Amino acid sequence: MTEYASSGLFGLLTPQANTTAEPEIHRLCPPGMVGLTARMVSTKATMDDRLLEYVDRLAETVSQFANAPLGAVALACTGMSYIVPADSERAALDRIEQNRGYPVITAAASILAALKTLAAHRVGILSPYGDPLHGQGMRFWADQGLEIVRAERLAGNDSDFHPIYGMGSDAATRGVRALGHEGLDVILILGTGLPTLRTLLDFEGKPVPILTPNLAVMWRTALALSGEPPSRAGLEPWLTGAGWADRFETVRPANA
């Protein structure tokens, strides 16, 4: 352990221009757990090519942590799992885990673990992705055996520095309202770059749980650091904000 990480130190990997994953995960992070961030970088022109290069360079990216005493690495990039063949992604993760001795926890796998813990099968999906990543994402989740009852898409502003990262949590809130909850076990908001913490608190206690990639990957990383098994009782405080709302309120804009 280190001075500021009495409950565990973890690495956090985010896409290079993502302005949301790091601050959200740091606010979700339980006291005593500390994340060190490394950026996944690529100069490729298209999103698909960048995501593929992130995987190709994953071991190089993790090497930025050198011999820091990490207990896990959290990979906050859901889109990577949509386009990279599952066996290729797993091979890249296995190589790091074998060489480094700690697990690499992806956002997509964390969502699936949370859905299993909730015994959730019928999902409504809120997607901030443009084409073709939206279609790739829908196929990925359907291939995991989920029944996608409804999907609602958010449209970003192409004049922003990034069509997803430039959105606010008000976009997610409007999308959840439009999606509704009838016939759903859970609502899944996609995209680690879409701000969602305010949305999660706005809908706390509503008819169905709401999951996001950042919440799921931090929950599963915390389990890896603590050695606790997944359980619905353990997941509930994450879903309701009981474990992190106070940390979010300290940075909530005054007019929010």
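The values are calculated or read from the model by the stated rules, or taken from the named source; none is laboratory data. Note that the structure is a prediction, hence the values are computed from the model and not measured. Quick reminder, even Gly has a Cβ in these numbers, built from the backbone with ideal geometry, and neighbours come from all protein chains shown. Protein only, heavy atoms only, side chains kept; ligands, DNA and RNA dropped before computing areas. Shrake-Rupley method; radii C 1.70, N 1.55, O 1.52, S 1.80 Å.
Hey, any hits in the stretch 65-79 for a residue that's under 20 Å from the mean Cα position of the chain (by Cα), in a helix (DSSP H, G or I) and either buried (at least 18 other Cβ atoms within 10 Å of the Cβ) or not basic (Lys, Arg) (or both)?
Checked the stretch 65-79: at least one residue is under 20 Å from the mean Cα position of the chain (by Cα), in a helix (DSSP H, G or I) and either buried (at least 18 other Cβ atoms within 10 Å of the Cβ) or not basic (Lys, Arg) (or both).
For the subset of the stretch 5-15 comprising residues that are of a type in the set (S, T, N, Q) and touching a helix residue (DSSP H, G or I) at 6+ places or on another chain (Cβ under 8 Å), which member is farthest from Arg57 (Cα to Cα)?
Out of the qualifying residues, it is Ser7.
Can you find even one residue in the stretch 185-192 that is in a helix (DSSP H, G or I) and at pLDDT 95 or above?
Scanning the stretch 185-192 turns up no residue that is in a helix (DSSP H, G or I) and at pLDDT 95 or above.
Within the stretch 105-132, track down each residue that is among the aliphatic types (A, V, I, L, M), closer than 23 Å to Leu58 by Cβ and surrounded by fewer than 22 Cβ atoms within 10 Å (Cβ to Cβ).
Scanning the stretch 105-132 gives Ala109, Leu112, Ala113.
Assess whether Gly205 counts as being small (Gly, Ala, Ser), part of a loop (DSSP other than H, G, I, E, B), modelled with pLDDT under 95 and open to solvent by 50 Å² or more (accessible area, probe 1.4 Å). It would help to see each step written out before you state the result.
Details: small (Gly, Ala, Ser): yes; part of a loop (DSSP other than H, G, I, E, B): yes; modelled with pLDDT under 95: yes; open to solvent by 50 Å² or more (accessible area, probe 1.4 Å): yes.
So Gly205 fits the description; yes.
With respect to Val55, is the statement that it is out of contact with any Asp or Glu (no Cβ under 8 Å at 6 or more places or on another chain), assigned to a helix (DSSP H, G or I) and open to solvent by less than 60 Å² (accessible area, probe 1.4 Å) true? Explain how you work it out, then say what you get.
Numbers: out of contact with any Asp or Glu (no Cβ under 8 Å at 6 or more places or on another chain): no; assigned to a helix (DSSP H, G or I): yes; open to solvent by less than 60 Å² (accessible area, probe 1.4 Å): yes.
No; evaluated as a whole, the condition is false for this residue.
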